[in-house]
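Okay, structure first, notes after.
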Amino acid sequence: MSQEVTERARLEAIDLTRAFGEHYALIEVNAQWRAGEVCALLGPNGAGKSTLLCLLSTLMAASEGEVILEGVTLSRQSAAELRGKIGFVGHQTMVYGALTALENLRFFAQLYHCWPAGVHGDIDAEDQWLMESIRDVGLEQAAGRVTSGFSRGMSQRLTLARALLPDPAVLLLDEPFTGLDRAGIDSLCQLISDARDRGTTVIMSSHDLETTARLADRALVLKRGRVQAFEELNREVSLSELYLRSAV
Amino acid sequence: MSPFWRCFMAILEKDVKIELRSKETVATVVLFGVVLTFLFAFGFIGDPQTNLAVIPGILWAALLLSGALSIGRTFAREQENSAFTALALSPTPRSAILAAKVIVNIVMILGVMLVITPLIAVLMHVDLSGHVVGLSSLITLSAIGFALVGTPLSIMAVGARFPEVLLPMVVFPLVTPVMICGVRGSAALLGTSVDLNYMAWAQMILAFDIMIGLGAFFLFDWMVSE
């Protein structure tokens with residue numbers, strides 16, 4: 001599904017502006033993201049990274065400008081359809097503490113109706129498919145446990161499994177490495193890398209430049225709500241250089 | 001199955017499963033309702049005619065206060081770990097979220113009233129057995145009205161600093177017409193008021209339910225987005 005749109009931009013932000021009263025969190029942001037790329041979203045605190053992710057995810061409405069996903073302009077009418085194509089991982093784990101890992105994924109699979117063909121309606125087959133997602137994030141031993149007892153790392157992995165469940169065209173990650181140990185970070189990097197290989201557009205905000213540099217193909221640097229740089233990363237342009245040059 | 005029904009059933013099933021596991025809302029609301037009933041009953045008990053006259057007020061005060069407690073907990077499960085964000089980001093029709101939450105609140109309020117009503121009758125030595133259908137219809141319509149007003153407004157409690165104060169301040173004035181009709185209707189039913197037939201009061205609550213229901217489902221999408 002995700003590999004269909006590879007030539008043109010999968011996701012576009014056009015003159016995106018968001019104001020909170022008198023304060024402008026984002027000012028005329030213009031950017032395009034391709035399928036199968038990881039874009040690092042960088043900037044100091046208050047630069048507008050989380051606001052941009054909220055606007056791209058449909059969680060927040062823009063004051064001005066528009067978001068276009070796979071050629072469809074985001075509006076109140078199109079939002080419900082487009083939400084099924086967007087995965088979001090934020091600061092919070094966004095899982096139900098009273099449900100088990102398997103029940104959490106089952107609930108969201110029902111909402112997204114993302115069962116593969118031939119699986120829907122057969123509880124055992126559905127569980128088997130959900131267990132594959134749980135296995136992918138290394139939580140198979142904890143699948144039947146309620147998530148209130150999960151560590152931050154385990155919850156974060158389950159959150160990513162939830163976000164990846166509908167095989168989203170766009171995966172938005174807001175500080176995904178916060179609170180994870182080295183093993184957790186490595187595991188998360190692998191999952192993000194796998195998603196990119198499947199053609200998912202990944203946009204990720206992080207202050208962990210070292211880890212982000214392992215994944216990012218491009219970087220968008222924000223400062224006081226404005227785009228300071230949006231460049232391909234390569235041997236000549238490293239992430240930390242770009243950040244120092246643009247944001248500091 | 002349409003997206004609405006699929007998501008409605010999923011949210012309802014999830015809420016029931018969590019409630020059966022924790023029992024925190026049921027236990028709190030029922031206990032609160034019972035304590036309230038005892039306080040009212042022992043505070044107002046008098047001769048049989050006085051008892052009959054105060055019962056409508058006690059019943060609807062109990063519905064109002066227990067209902068407020070119930071709607072305050074509507075999105076409590078979603079507040080934990082910001083699960084509401086995940087729900088809002090899913091392609092779930094907003095109307096399905098609202099419908100499932102309204103049903104949960106109606107069931108919760110009716111459950112409490114099912115415990116409270118016979119308890120009041122016993123404590124105040126009043127025979128309500130001849131008015132079961134009339135009282136049930138008035139209480140059910142009032143519970144529906146209360147849930148339709150309170151549930152969409154409880155979305156404001158998500159992320160608010162003092163939701164337990166904010167919510168009653170907004171909800172109580174809006175449900176006052178339902179409460180007045182409920183009290184007057186049950187008084188007419190029990191024969192302590194003769195201004196209108198109880199059916200007329202029930203029809204007024206029904207009209208309120210329809211109007212507020214349409215408004216709630218129309219505005220909920222906007223409320224979630226904002």
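Derivation of every value follows stated rules applied to the coordinates shown; laboratory data play no part. Model, not experiment: these values are computed from the prediction. Note that we place each Cβ from the backbone using ideal geometry, even for glycine, and neighbour counts take in every protein chain shown.
Name the longest site-free stretch of chain B, where the excluded sites are trypsin sites (Lys or Arg not before Pro) in a DSSP loop with no more than 14 other beta-carbon atoms within 10 Å.
Segment B:24-160 is the longest.
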Practice task
Could you pull out the pairs from A:Lys49/B:Lys23; A:Lys85/B:Lys17; A:Lys85/A:Lys223; A:Lys85/B:Lys23; A:Lys49/A:Lys85 whose alpha carbons sit more than 31 Å apart here?
Solution key: A:Lys49/B:Lys23; A:Lys85/B:Lys23
Fill in the blank from the handout: Long-range amide H partners of A:Ser63, meaning residues 5 or more apart or on another chain whose placed amide H is closer than 5 Å, are A:Thr17, A:Arg18, A:Ala19
Handout entry: Debye intensity ratio in log₁₀ form over the Cα atoms of the stretch A:92-153, taken at each q of 0.25 Å⁻¹
Key = -1.11
Exercise for the section: Would you mind working out the magnitude of the charge dipole of chain B relative to its Cα centre, with +1 at each Lys and Arg C-beta and -1 at each Asp and Glu C-beta, to the nearest 20 Debye? Expected result: 400
Exercise for the section: Could I have the simple spin-label model distance between B:Ile180 and A:Asn30, label points 7 Å from Cα toward Cβ, reported in nm to one decimal? Expected result: 5.8
Handout entry: 17 Å reach of a label modelled at A:Ser193, 7 Å along Cα-to-Cβ, counting backbone N of the stretch A:113-153
Key = A:136-138
Completion exercise
Asserting the computed 222 nm helical MRE of chain A (DSSP H runs at least 4 long, -39500 (n - 2.57) per run, divided by residue count, to nearest 500) equals -10000 deg cm²/dmol
Exercise for the section: State, to one decimal in nm, how far the label point of B:Val16 lies from the label point of B:Phe218, with both points 7 Å from Cα in the Cβ direction. Expected result: 3.2
Problem - Loop GluC sites (Glu not before Pro), the stretch A:146-248, which have at most 11 other Cβ atoms in a 10 Å radius of their Cβ (DSSP) - result: A:Glu236
Exercise for the section: Mind checking the full-extension length gain between A:His91 and A:Asp122? Use 0.36 nm per residue of separation minus the Cα-Cα distance, one decimal, nm. Expected result: 7.7 nm
Completion exercise
Taking N as the number of residues in the stretch B:117-226, the ratio of its alpha carbon radius of gyration to 2.2 N^0.38 Å works out to 1.25
Handout entry: Alpha carbon Rg of chain A, scaled by the compact-globule rule 2.2 N^0.38 Å
Key = 1.00
Handout entry: Within chain B, helix-based [θ] at 222 nm, where runs of 4 or more DSSP H residues each add -39,500 (n - 2.57), nearest 500
Key = -28500 deg cm²/dmol
Exercise for the section: Quick one: order B:Leu214, B:Leu166, B:Leu148 by neighbouring beta-carbon count within 10 Å, fewest to most. Expected result: B:Leu214, B:Leu166, B:Leu148
Problem - Per-pair calculated FRET efficiency, R0 = 56 Å: B:Asn197 and A:Arg152 via Cβ, rounded to 0.05 - result: 0.35
Fill in the blank from the handout: Here Rg/Rh (Cα, Kirkwood) for the stretch A:1-124 equals 1.01
Fill in the blank from the handout: Sorted largest first, the C-alpha extents of the stretch A:113-200 along its principal axes in whole angstrom are 38, 32, 17
Completion exercise
the protein assembly as shown: Kirkwood hydrodynamic radius (Cα pairs, Å) comes out at 24.6
